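The values are calculated or read from the model by the stated rules, or taken from the named source; none is laboratory data. Because the structure is a prediction, the values reported are computed rather than measured. Positions of Cβ are backbone-derived with ideal geometry, glycine not excepted, and every protein chain shown enters the neighbour counts. Remember, those area values only see protein heavy atoms, side chains included, never the ligands or the DNA or RNA. Shrake-Rupley method; radii C 1.70, N 1.55, O 1.52, S 1.80 Å.
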Amino acid sequence: MIEPSEKIWMDGNLVPWDEAKIHVLTHSLHYGSGVFEGIRAYETRKGPAVFRLTDHIARLYRSAKIYTIEIPYTPEELIEATKETVRASGLPACYIRPLVYLGYGEMGLNPLLSPVNVSIAVWPWGAYLGDEGVTHGVRMKISSWRRHDPNIIPPAAKGTGQYINSQLAKVEAIKAGYDEAILLNPQGLVAEASGENIFIVREGEIITPPLSAGALIGITRDSVIKIAGDLGIGVHEAELVRTDLYTADEVFVCGTAAEITPVREIDDRVIGDPGPLTKKVQEIFHAAVRGVS
Ligand code: PPE
């Protein structure tokens, strides 16, 4: 269950959590016509600090542009609104969910007729794939569902409706007894996990699929690439097939919610306990987000 916080920002006002309601004929509820972000604020000595807020809000606008949604606020206003909502919660650390959705007014597939609404909610959210997973690694399954082709649904956008694809994969993995699903693209190359980007370690170097393989432009992915670069570890974007995952020295996934989560098993092939590079990147990431270096 979501742990409620104090207030949710809705179109310019902070409203009490229980009053943050919408009409059942909200366009996005029927057609998945919204875009969103997932951000984290971390506890630091100076109070909560939002990690890469400007980058997340910039991606929200790019997602909206892809779907021709005009957000009726400036990025600066949403950055301020995010900070205001975090402050109002009184939480030392939280997950932040900005959502741009098409509201009540019209039905039918033309989204251009609907009003554009914005909400920002915050709540405490622990380890996305479990505390045990962060420490010891998770078990993953390559899904029989494929990640969508960019000319069908654009993986570059974080659109609400496109997460139906992730959910099909997630349910399949969970029902088969795994923690999380990995999706291949229509060509059979590794794209990403249901809610994370994926990395492998091979002979001391880090490899991740290119965005053209169907991965979201992950902000944590970008942080990992920078951390690895600072450590002098070679980082490459390369096409990966499923057996590259099975035979990797280490595998980890990353995302705002999942942070850096090691993968210990894929399709019943053992990768092993979290490896040295995964642990190093994890350690630096955890320090960086809390402003400790
Ligand atoms: N790929 C997908 C499909 C994805 O949803 C996420 C984030 C990422 C990669 C990593 O992106 P980034 O957070 O910028 O590093 N997934 C968000 C939603 C999770 C959810 O269940 O909701 C998140 O981590 O906030």
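Remarks
- Difference of contour (0.36 nm per residue) and Cα-Cα distance, Glu84 to Glu283: 68.7 nm
- Solvent exposure ordering (accessible area, 1.4 Å, most first) of Arg59, Arg52: Arg52, Arg59
- Length gained when the stretch Leu109-Asp249 is fully extended (0.36 nm per residue, less Cα-Cα span): 45.7 nm
- Taking the average, over residues, of other Cβ atoms within 10 Å as the packing measure, peptides 213-219, 159-165 rank 213-219, 159-165 from highest down.
- Prolate/oblate/rounded call for segment 192-285, Cα gyration tensor, a/c under 1.5 rounded: rounded
- Cα centre as origin, Lys/Arg/Asp/Glu Cβ charges: the chain dipole, Debye: 160 debye
- Glu70 versus Val292: modelled label distance in nm, points set 7 Å from Cα along the beta carbon direction: 4.7 nm
- Mean separation of Cα contacts under 8 Å, 6 or more apart, over the residue count of segment 131-289: relative contact order %: 26 percent
- With contacts taken as Cα pairs under 8 Å at a separation of at least 6 residues, the chain carries a relative contact order of 18 percent.
- Charge dipole magnitude, Cβ of K and R +1, D and E -1 - segment 7-123, Cα centre, debye nearest 20: 460 debye
- Positive-end extreme of charge dipole, the chain - chosen from Pro48, Gly126, Phe199 (charges on Cβ): Pro48
- Cut-off 17 Å (backbone N to label point 7 Å along Cα→Cβ of Lys175), residues of segment 101-143: 141-143
- Take every Cα pair under 8 Å whose residues are at least 6 apart in sequence, average their separation, divide by the length of segment 118-198, and the relative contact order is 31 percent.
- Put simply, when 199-209, 280-290 are sorted by average Cβ atoms within 10 angstrom per residue, most first, you get 199-209, 280-290.
- When Glu237, Glu70, Glu19, Glu180 are compared by accessible area of protein heavy atoms, the largest-first order is Glu70, Glu19, Glu237, Glu180, using a 1.4 Å probe.
- When +1 charges are put on Lys and Arg Cβ atoms and -1 charges on Asp and Glu Cβ atoms, the dipole computed for segment 69-145 relative to its Cα centre reaches about 360 debye.
- Phi angles across segment 200-205 convert, under the Karplus curve 6.51 cos²θ - 1.76 cosθ + 1.60 with θ = phi - 60°, into 3J(HN,Hα) values of 10, 10, 9, 6, x, 10 Hz, Gly and Pro given as x.
- Counted over the chain with a bin width of 5 Å, the fraction of Cα pairs per bin, in whole percents, is 1, 5, 12, 15, 18, 17, 14, 10, 5, 2, 0, 0.
- When you count the other C-beta atoms within 10 angstrom of each residue and take the mean per peptide, 135-141, 85-91 line up highest first as 135-141, 85-91.
- Global geometry of segment 1-83, whether rounded, prolate or oblate, following the gyration tensor of its Cα atoms and the 1.5 cut on a/c: oblate
- Span per principal axis, largest first, for the Cα atoms of segment 131-289 (Å): 38, 29, 27
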